[in-house]
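Worksheet for the structure shown next.
The values are calculated or read from the model by the stated rules, or taken from the named source; none is laboratory data. Computed from a predicted structure; not experimentally measured. Positions of Cβ are generated from backbone atoms using ideal geometry, with glycine treated the same way; all protein chains shown enter the neighbour counts. Heads up: the accessible areas ignore ligands, DNA and RNA and are worked out on the full protein's heavy atoms, side chains in. Shrake-Rupley method; radii C 1.70, N 1.55, O 1.52, S 1.80 Å.
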Amino acid sequence: GIAAVWAVAFGGALMYGPLSPVWRPYLMHPLWLVWCCTVATLVGVILRSPGTPPAVRLAAIVVLLGASVDPYPTFCSIRYSVRAVATLRAGGDAALAPLGYTHGLLHVRLYEWEDYRATLDYIRTRTGAEIRVANLINGVAVTVPRHG
């Protein structure tokens, strides 16, 4: 049935990355998309399984979701969010790197946060509005609003 279709799709998504001549993190997107659809389909199959006691269905879904859901989101923190809002209200730049200031699957920082802030400060203070800035920094966006 439908679970078999998603299982085959998952197998194909597993092969998508290795078949690429150059590895890039975006090659994981099809895998995660198909994985999410596969898990949702399996939950539906579990919920519709006739004759299975509700406690067994619940346990199966908890085990399945336990293997699929990160209980501690990597880039989500109320403390950091409150600090970021306070910094924005004050009109300054964040002294600490945001949680999402990482690159790739291993979540490594390609550049020190202080260096990134110094780059933005240089562009803001040492270049005029007529100067065009091209972003050639790998993995990090350089966006500087012009004032005035």
Residues of segment 86-126 satisfying the condition of being under 14 Å from Asn138 (Cβ atoms) and among the basic types (Lys, Arg): Arg109
Looking at Thr74 and the list (1) of a type outside the set (D, E, K, R); (2) in a helix (DSSP H, G or I); (3) open to solvent by 60 Å² or more (accessible area, probe 1.4 Å); (4) within 26 Å of Leu120 (Cα to Cα), which single condition is not satisfied? (2)
Per the filter on segment 84-95, residues in a loop (DSSP other than H, G, I, E, B) and under 29 Å from His29 (Cα atoms) are none
Residue pairs qualifying under the 7 Å Cβ cut-off, at least six apart or on distinct chains, with the first in segment 133-146 being in a loop (DSSP other than H, G, I, E, B) and the second being among the small types (Gly, Ala, Ser) and modelled with pLDDT under 75, are Asn135/Ala141
Condition met for Thr87 (β-branched (Val, Ile, Thr), touching a residue at least 24 places away in the same chain (Cβ under 8 Å) and either surrounded by 10 or more Cβ atoms within 10 Å (Cβ to Cβ) or closer than 16 Å to Cys36 by Cα (or both)): no
Mind checking which residues of segment 98-126 are assigned to a loop (DSSP other than H, G, I, E, B) and either in contact with a His (Cβ under 9 Å, 6 or more places away or on another chain) or modelled with pLDDT under 85 (or both)? Pro98, Leu99, Gly100, Tyr101, Thr102, Gly104, Leu105, Leu106, His107, Arg109, Leu110, Tyr111
From the list Ser81, Ser49, Ser68, exactly one residue is under 26 Å from the mean Cα position of the chain (by Cα) and either surrounded by 15 or more Cβ atoms within 10 Å (Cβ to Cβ) or not in a helix (DSSP H, G or I) (or both). Which is it? Ser68
Residues in segment 10-29 that are open to solvent by less than 40 Å² (accessible area, probe 1.4 Å) and either under 22 Å from the mean Cα position of the chain (by Cα) or more than 27 Å from Arg57 (Cβ to Cβ) (or both) total 5
Cβ pairs under 9 Å, 6+ apart or interchain, first in segment 1-25 and within 16 Å of Val43 (Cβ to Cβ), second open to solvent by 100 Å² or more (accessible area, probe 1.4 Å) and at pLDDT below 85, ordered by first then second residue, are none
Restricting to segment 90-108, name every residue that is of a type in the set (A, V, I, L, M), surrounded by 10 or more Cβ atoms within 10 Å (Cβ to Cβ) and without any contact (Cβ under 8 Å) to a residue 24 or more places away in the chain. Ala94, Ala95, Leu96, Ala97
